[in-house]
Amino acid sequence: MTAKIIDGKVMAKQIREEAKAEAAELTSKYGMPPGLEVILIGDDPASAIYVRNKGRASEKVGIRSQTHPLPATVTTEEVLDLIDKLNADETVHGFLVQLPVPDQVDEKALQHRISPAKDVDGLHPFNVGLLSQGEDSLISATPSGIIEMLKREDIPIKGQNVTIVGRSNIVGKPLYMLCIREHATPTICHTRTRDLSAETRRADILVAAVGVPQLIKADMVKPGAVVVDVGTSRVDDPTVERGWSWSGDVAFDEVKEVASFITPVPGGVGPLTIAMLLKNCVKAARRLMSGEVQA
Ligand code: NAP
């Protein structure tokens, strides 16, 4: 069997078109576009690229965007002051702190201070709690993008065994809760999992969100399984001019011969993440502009 390769770029384009239509509707109804802002601390080049991509993607769909660069030496209190300003600003409907943050900054304190109504990364405990209770909330963009991708490919989720490798707050854990909401039977694995291969081989849908290049080999995958690769690691690659390439957590060439569907890296989950972030911003804007929620 050779797997169907899921094209995240095509799907992301559709989702961006939907976000664009919704942003235009809100702009004409309320006289102001949705606003998405990003706090960028320090000068990590990868973070700067991610933030630039988010800004460009926002502007293209009619979401006003702004980045707040802060020096690597900033204190937690200084970032909290900025968060308070963004919480109070009626032209800002969603914002996030680009991760990672420098060691001296208390990441949790920042996440807890962002108004849940504007928490487009879905990391505030209030939104996480709503998600765990199966209620409507702002949900982290990568896991919601994965569910959206499965649905748009008509891949059944209900009743399926889903194995998620990686238990981060931004991907693994919210995906676990979403799987429950979709009536799947999820299992979550991490570094203390006793027999990783046994868990991955039980999966009808296998999601790798680890950050270890090529961890998932063909013999760890059940024939016919759907394989979603979230991992994005930079690896040395002398065959390309820039000297490095992106690598996923899945040994793509061998696993595609076993799986029924597989996502590539790059071009799989990544584009969907940005598209779903835009959707989250539009959703936050709709709820704030209509008065359904207050910041
Ligand atoms: P993370 O915070 O980096 O944590 C990694 C997780 O993988 C942890 O739960 C860790 O277990 C587990 N793990 C590490 N090595 C393992 C092993 N050998 N066997 C089993 N589990 C192992 O996770 P993340 O932030 O979700 O990032 C994961 C990857 O996804 C990274 O490559 C990241 O760049 C990528 N990512 C991509 C997108 C996208 O849009 N495409 C979005 C977010 C993240 P412990 O908890 O026991 O340490």
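Each value in this text was obtained by applying a stated rule to the coordinates, not by laboratory testing. Since we're looking at a predicted model, the values are computed, not measured. Positions of Cβ are backbone-derived with ideal geometry, glycine not excepted, and every protein chain shown enters the neighbour counts.
Computed over the chain with a Gaussian network model linking Cα atoms closer than 10 Å, the most mobile of Glu241, Glu107, Glu199 is Glu241.
Cβ under 15 Å from Thr200's Cβ, Thr200 left aside: what net charge do those residues give with Lys, Arg +1 and Asp, Glu -1?
Working: positive: Arg167, Arg194, Arg201, Arg202, Lys217, Lys222; negative: Asp195, Glu199, Asp204, Asp219, Asp229, Asp249, Glu254.
Taking every Cβ under 15 Å from that of Thr200, the sum is -1.
What is the distance in Å between the Cα centroid of segment 257-288 and that of segment 131-204? Computed from Cα coordinates, the inter-centre distance equals 14 Å. Other residues with beta-carbon under 12 Å from the beta-carbon of Asp7 carry, at +1 per Lys or Arg and -1 per Asp or Glu, a net charge of +3. Computed over the chain with a Gaussian network model linking Cα atoms closer than 10 Å, the most mobile of Thr27, Thr193, Thr273 is Thr193. Here the gap between Lys29 and Glu135, fully extended at 0.36 nm per residue and compared with their Cα-Cα distance, gives a gain of 35.5 nm.
For the chain, take the longest principal axis of its alpha carbons; what is the angle in degrees between that and the long axis of helix 269-289, to the nearest 10 within 0 to 90? Between helix and principal axis, roughly 30 degrees.
Over segment 151-295, calculate the relative contact order: mean separation of alpha carbon pairs under 8 Å at least 6 apart, over the residue count, as a percent. Walk me through the numbers before you get to the answer.
Details: 260 pairs, mean separation 26.4, N = 145.
Relative contact order for segment 151-295 comes out at 18 percent.
For the chain, the relative contact order works out to 23 percent when only alpha carbon pairs closer than 8 Å and six or more residues apart are counted.
Only lysines eight or more places from Lys54 in sequence, or on another chain, were considered; those with a Cα closer than 29 Å are Lys4, Lys9, Lys13, Lys20, Lys29, Lys85, Lys108, Lys118, Lys151, Lys173, Lys279, Lys283.
With a simple spin-label model that places each label point 7 Å from the Cα along the Cα-to-Cβ direction, the separation between Glu59 and Ala295 comes to 2.2 nm. Each label was represented as a point 7 Å from its Cα along the Cα-to-Cβ direction; for Ser245 and Thr73 these points are 4.2 nm apart. Ranked by the mean number of other Cβ atoms within 10 Å of their residues, highest first, the peptides 54-63, 136-145, 206-215 fall in the order 136-145, 206-215, 54-63. With springs only between Cα atoms under 10 Å, which of Ser115, Ser65, Ser47 fluctuates most in a Gaussian network model of the chain? Of Ser115, Ser65, Ser47, the most mobile in the Gaussian network model is Ser47.
For a quick protection proxy, order the peptides 159-171, 9-21 by their average other-Cβ count within 10 Å, most packed first.
Ranked by mean Cβ neighbours within 10 Å, highest first: 159-171, 9-21.
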